[in-house]
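What follows is a set of notes on a single structure, which appears directly below.
What follows draws every value from the coordinates through simple rules; no lab data is involved. As the structure is a computational prediction, the values presented were derived from the model and not from experiment. Glycine also receives a Cβ, built like all others from the backbone with ideal geometry; neighbour counts cover every protein chain displayed.
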Amino acid sequence: MSMIAAFYSGKSILITGATGFMGKVLMEKLFRTSPDLKVIYILVRPKAGQTTQQRVFQILNSKLFEKVKEICPDVHEKIRAIYADLNQNDFAISKEDMQELLSCTNIVFHCAATVRFDDHLRHAVQLNVTATQQLLIMASQMPKLEAFIHISTAFSNCNLTHIDEVIYPCPVEPKKIIDSMEWLDDAIIDEITPKLIGDRPNTYTYTKALGEMVVQQESRNLNIAIIRPSIVGATWQEPFPGWVDNLNGPSGLIIAAGKGFLRSIRGAPMAVADLIPVDTVVNLTLAVGWYTAVHRPKSTLIYHCTSGNLNPCNWGKMGFQVLATFEKVPFERAFRRPNADFTANTITSQYWNAVSHRAPAIIYDFYLRLTGRKPRMTKIMNRLLKTVSMIEYFVNRSWEWSTYNTEMLMSELSPEDQRVFNFDVRQLNWLEYIENYVLGIKKYLLKEDMAGIPEAKQHLKRLRNIHYLFNTALFLIAWRLLIARSQMARNVWFFIVSFCYKFLSYFRASSTLKV
Ligand SMILES: CCCCCCCCCCCCCCCCCCCCCCCCCCCC(=O)SCCNC(=O)CCNC(=O)[C@H](O)C(C)(C)COP(=O)(O)OP(=O)(O)OC[C@H]1O[C@@H](n2cnc3c(N)ncnc32)[C@H](O)[C@@H]1OP(=O)(O)O
Ligand SMILES: NC(=O)C1=CN([C@@H]2O[C@H](COP(=O)(O)OP(=O)(O)OC[C@H]3O[C@@H](n4cnc5c(N)ncnc54)[C@H](OP(=O)(O)O)[C@@H]3O)[C@@H](O)[C@H]2O)C=CC1
């Protein structure tokens, strides 16, 4: 019997960010392994024309929850969606709902965040810092609370190269930042943002670091733990391999490469690609929830959920396997044949951006205009290049995260728990994982049918022929222009033509002699 699964039975659990990538997998695993849990409260806001109830309905009816509905048929009744907006005071939760949350919650998993790299500092602070502070204040009023688990990121201290499982202070106190956001106008915030984030690449990593400081400062007598996952990818094993439903991290770029838009990234092929499957993060999160509640460590423990030091894989190997998978299972209606590579420096990167990204987009838009359609490729390409420029920081460096706490926890688990809540990345076979990841993107994100693979392969063949034809035409035009302008080129051309002629005459004469 799994001790962790038994621990969650009968519990009332509050999850923020349950509609997000990680939150959904967390809920799924909880229901699947502890169907006897009492209730999961989720803080949800209406979005994209859907009410909170409709959003929950959509999640429960997704493929991810198919197994859960067999194991826990009353799952609908065990989810209590609470209207909440983490940008508002008291999260805009009604008095009755707040009362219920405060009096019943046993465990809090705080997953909600803005993960956008380019978010305005005011918004990133509101969600990643102020909302965390407010949630902790709420938690301190929960008499039945056993553990509060905060999800941070392994990149909250990406300005360092070796990162321990400790909280590193930021130069300016989070409270001061929170206060200043209230009275500074956007223009001034824009001006001071680069100074505040310092040697971090974006507002996301900076505000996640502030969020950790807030957790430390507001911990009072709560049982708190912080989990720092690295780059979260598709599921490895559970509930099935390859599940993914958003474009964050590598997923969007894998699509861009598979559809032939992305041809090159400035990146270091030998740098460690610290990817971690989402189900591994969730298993660790649930194990940490159990350990924190049952063993009540004296201080706030931080757990690194990373792969690099136990089972490293580099970007070169990962990219190579992504491209190899496209050969077997190509994406449909590709713009060009998938063929991406890492470039070493800014100059070559700019060259390839001009030649392989911008030029084909301009040519294609010209073709669209000629055929009376609206040009769109330059816009898509600009967006892609913006995304690439934002992730380049992470594919050009390697980090070293110590994992003492994570390994300690692994050793504390019973063999059954180690199996059911497996977070041992040493068992991960990268090639298999990446292949399933690409397949998962095709099936669950792009919603492409496997039956369409022969047609997709046929389409790639046509693209290859167009590519050869285009290159040959381009070569001939360039050559023709050169001949018109340069005596030397003309001489070379006549030499080649006469050489070919002589060779053919000799070949014809010798074959006639043989007959
Ligand atoms: C040795 C030789 C080997 C040779 C082999 C070579 C092989 C080459 C490569 C082959 C294949 C490539 C595979 C690997 C590539 C490397 C990937 C590296 C990824 C590294 C990521 C590191 C992240 C680490 C950070 C820490 C992790 C975290 O803690 S948080 C999670 C990370 N967060 C994110 O990823 C969020 C990023 N997104 C944003 O910040 C923003 O969305 C944006 C700034 C990128 C874009 O903002 P914008 O306002 O322009 O657009 P938005 O409104 O958001 O969306 C508009 C449309 O664009 C779509 N979209 C959104 N995000 C992405 C995305 N990431 N990629 C693509 N498209 C995206 C979105 O859906 C919108 O679409 P529409 O609705 O249709 O308009
Ligand atoms: N994905 C990754 O690679 C990594 C993620 N992390 C961390 O893991 C956690 C979960 O990330 P992930 O699931 O990928 O992120 P997602 O972007 O998929 O999910 C974010 C969640 O936060 C919710 N949220 C955002 N703003 C509000 C708001 N104003 N009110 C209520 N809810 C809100 C979203 O709700 P809605 O659906 O309404 O937008 C969504 O449920 C985050 O803390 C992130 O920092 C850490 C390392 C890597």
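Some values worked out for this structure:
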| read-out | value |
| --- | --- |
| Relative contact order of segment 157-220, pairs being alpha-carbon contacts under 8 Å that are 6 or more residues apart, as % | 54 |
| In segment 397-488, the trypsin sites (Lys or Arg not before Pro) that fall in loop regions by DSSP, at most 10 other Cβ within 10 Å | 447 |
| Residue-span extension gain [residue 484 to residue 505] - 0.36 nm each, minus C-alpha spacing | 4.8 nm |
| Estimated FRET transfer efficiency (residue 476, residue 166; beta-carbon r; R0 56 Å; 0.05) | 0.30 |
| Whether the chain is rounded, prolate or oblate, judged on the alpha carbon gyration tensor where a/c under 1.5 counts as rounded | prolate |
| For segment 343-363 versus segment 301-318, the gap between their alpha-carbon centres in whole angstrom | 30 |
| Relative contact order of segment 33-123, defined on C-alpha pairs under 8 angstrom at six or more residues apart (%) | 30 |
| Which of 456, 486, 497, positive extreme of dipole for segment 456-514 (C-beta unit charges) | 456 |
| Relative contact order [Cα under 8 Å, 6+ residues apart], the chain, whole percent | 16 |
| Label-point separation, residue 457 to residue 337 (7 Å along Cα→Cβ), nm | 1.5 |
| Computed FRET value (nearest 0.05) for residue 50 with residue 98, which takes r as the C-beta separation and R₀ as 30 Å | 0.80 |
| Shape of segment 456-514, Cα gyration tensor, a/c cut at 1.5 | oblate |
| Relative exposure of 76, 150, judged by other C-beta atoms within 10 Å (fewest first) | 76, 150 |
| FRET efficiency estimate (nearest 0.05) - Cβ-Cβ, residue 188 to residue 446, R0 35 angstrom | 0.25 |
| Overall form of segment 303-348 per C-alpha gyration tensor (a/c, 1.5; a/b vs b/c) | oblate |
| In Hz, Karplus ³J(HN,Hα) per residue of segment 225-238 (6.51, -1.76, 1.60; θ = phi - 60°; x = Gly, Pro) | 9, 10, 10, 10, x, 8, 8, 7, x, 4, 5, 8, 10, 10 |
| Extension gain, residue 296 back to residue 116 (0.36 nm per residue minus Cα-Cα distance, nm) | 61.4 nm |
